[in-house]
Every structure is written in structure tokens, then in C-alpha cells.
1. What value does the range 85-134 have for Rg/Rh, both radii from Cα atoms and Rh as Kirkwood defines it?
2. Quick check on the exposure proxy: order Lys36, Lys75 from fewest to most C-beta atoms within 10 angstrom.
3. Going by the alpha-carbon gyration tensor, a ≥ b ≥ c the square roots of its eigenvalues, is the range 26-78 rounded (a/c under 1.5) or, if a/c is not under 1.5, prolate (a/b greater than b/c) versus oblate?
Amino acid sequence: MSACGVYDLGCHGVYSITLPLQPKVIPNAICGICQKGKEANKRGKPEVLIHCSQCQNSGHPSCLDMSIELVSQIKMYPWQCMECKTCTVCEQPHHEDMMMFCDKCDRGFHTFCVGMDAIPMGCWVCDLCSKDTSTPQKKGSVKTPKKIK
Ligand SMILES: [Zn+2]
Ligand SMILES: [Zn+2]
Ligand SMILES: [Zn+2]
Ligand SMILES: [Zn+2]
């Protein structure tokens, strides 16, 4: 009769839910160059905007002069816009005039951080990208078992 035990069977369990890193999505983002949203780029065609991982800057890849390959690369890492760009090696934004950008992934690098004297003329591809030139990425690439030839 005298059940004085305190049993709280209510759902007071606290679950800490850690969300996986999600790609940044800004529904009403506007391109900083043409001032239009994803419905239309400067040519009037719908185009998905890319977003800076550090600030609210967004832009159409076409407005930023980015190729499709470049866009697929920058989606793989926290891309920074020109204003937020830091060196991939030392993570410093200074020495802008000594900073060069990879033609494949758009990451920034100081010439002196990669052991170069000056910014090269024409194309330059960073170490990270030149490493996978031997394994060209295929569309919808599947994990392939190691092949020994
Ligand atoms: Zn635009
Ligand atoms: Zn930014
Ligand atoms: Zn650096
Ligand atoms: Zn690169």
C-alpha cells in the first residue's frame, strides 16, 4: 500500500545528438557578383550557388569563373571566398601578393609555404591535387579494390 519508492518512468533521458557535418545551405543566398539567386545566373540560367565557409558570401560558379571540375572540388572541403582565403599550409591570410590559388581546387597557398620563389605564370596545381592526377576521378566513383598490376 505504501509505495513510496520514487520511480520516475517519465522520459527524462537526455540524449546528446551530435549532428554530422552538413553542407552549408543558404536557401535565399544571393550571388555577390550579379545579385541574383540560384534561379538565375548572369546568363539567366538557373545555377546553384556556392557558399564561403567563413562568411555569408555566395556566388554563382560562372560568375566566379569556376569550372565544373573546380566546383566539385570546392564542395569537398570548407571553401573560402577570396576575402576569407587563407593559406592551406600556414592558415594565415596575410601576404596576399604571395598567395596563389590551385587551378583544380581553388585552395590558397603562399609561394614561400610551398617552397617557391614567385607565383608561377599560367596554371598551377597544388600538391594535394597533383597527387591524384594518377587516379582520375570517375563520376559516381565506387570504392575499387586494390589492383596490383
Ligand atoms: Zn551570379
Ligand atoms: Zn568569405
Ligand atoms: Zn602560408
Ligand atoms: Zn589543389
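1. Radius of gyration over Kirkwood radius for the range 85-134 works out to 0.94.
2. Lys75, Lys36
3. Oblate, since a/c reaches 1.5 and b/c is not below a/b.
None of the figures in this text is laboratory data; all of them are computed from the coordinates on show. Just so we're clear, the structure is a prediction, and the values are computed from it rather than from any experiment. Glycine gets a Cβ as well: all are built from the backbone with ideal geometry, and neighbour counts include every protein chain shown.
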